[in-house]
Amino acid sequence: MVYLCAKSVLYGFAQSQQDSEFTFLLPAGRRECFYQTAAKNGSMEVEYQVIAGAGMDVDFTITSPHGYMLISEFRKSDGIHTVEPTEDGDYQVCFDNTFSRFSEKMVFFEVILEGQAGDTSEEDDWAAMAEPESLLEYKLEDIRESIESVHRRLERSRQMQTMLRAFEARDRNLLEDNLWRVSFWSCINMLVMLGVAFTQVYTVRRLFDDRRRVRT
């Protein structure tokens, strides 16, 4: 569900998503907000990174479902914030570029939900499959804990790789921007040097150019 306003754009993620990633272009003088539904007594982690744009900075806020400002940052290029325990309702995550009149920003962010009510479905499935311990060689609980531990570590590794890709994209954009600036000013300096050289040659030739008439 997407809501459009005069000065901001509001996006809503699906409630069933436990991990949401998004890269968007934040125009100059605009503010864009995203809504993420969270369950009570869970954990919500928000990581963001400005990967392109002059200054590489935005204003960032997180607002609770009841309208309380939980996180507020100004002119930052990246950040990691965790809200726990969460409340039932929609959290508002906003990125503000109204302080910039001309420069648009490209922003990547990720929302990670843990310990939500929807996570209990897998445990119920495991419990339904359980049999008397006399028929099992290993404890089902130990197997489940091992699998969940591996799953959490793999998921965290994937999240870290996503953030590293965002950092790499920001560094690449910064290098390309610096390359353009260095090339532009190098050309300007070359033109100035050529202009000075031609001016000096012309001036010296004028000094030795004797146009007086010689009588014979």
For region 184-194, in residue order, the Karplus 3J(HN,Hα) values (coefficients 6.51, -1.76, 1.60; θ = phi - 60°; whole Hz; Gly and Pro = x) are 5, 6, 5, 5, 4, 4, 5, 5, 5, 5, 5
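Quote the convex hull volume per residue of region 28-113, based on C-alpha atoms, as a whole number of Å³.
On the way: hull volume 6.2 nm³, N = 86.
Once divided by residue count, the hull of region 28-113 is 72 Å³.
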Cβ crowding within 10 Å averaged over residues, with 39-49, 75-85, 23-33 ranked highest first | 39-49, 23-33, 75-85
Enumerate the amide H contacts of G42 below 5 Å, restricted to partners 5 or more residues apart or on another chain; note that Pro and chain-start residues carry no placed amide H.
-> T86
Run the quick spin-label model on R158 and V182: label points 7 Å from Cα toward the beta carbon, then report their separation in nm to one decimal.
-> 3.8
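Given axes a ≥ b ≥ c from the Cα gyration tensor, I'd like to know whether region 46-91 is rounded (a/c under 1.5), prolate (a/b larger than b/c) or oblate. All intermediate terms of the calculation are to be shown ahead of the outcome.
Numbers: a/c = 3.07, a/b = 2.34, b/c = 1.31.
Prolate is the answer for region 46-91, as a/c is 1.5 or above and a/b outweighs b/c.
Students sometimes get this wrong: rank F99, F74 by accessible area, probe 1.4 Å, all chains present, largest first.
Descending accessible area places them as F74, F99.
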Taking amide H positions as placed in the peptide plane 1.01 Å from N, state which residues far from G89 in sequence (5 or more) or on other chains have amide H under 5 Å from it.
-> A38
Separation between the R75 and D88 pseudo-spin-labels, each 7 Å from Cα along Cα→Cβ, expressed in nm?
-> 4.3
HN-Hα J in Hz across region 68-81 - Karplus 6.51, -1.76, 1.60, θ = phi - 60°, x for Gly and Pro = 8, 7, 8, 10, 8, 10, 10, 6, 10, 9, 7, x, 10, 9
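The values are calculated or read from the model by the stated rules, or taken from the named source; none is laboratory data. In this text the structure is predicted, and so the values were computed from the model without any measurement. Here the Cβ is made from the backbone with ideal geometry for all residues, glycine too, and neighbour counts use every protein chain on show. Accessible surface is based on the protein model in full, side chains and every heavy atom, while ligands, DNA and RNA are left aside. Shrake-Rupley method; radii C 1.70, N 1.55, O 1.52, S 1.80 Å.
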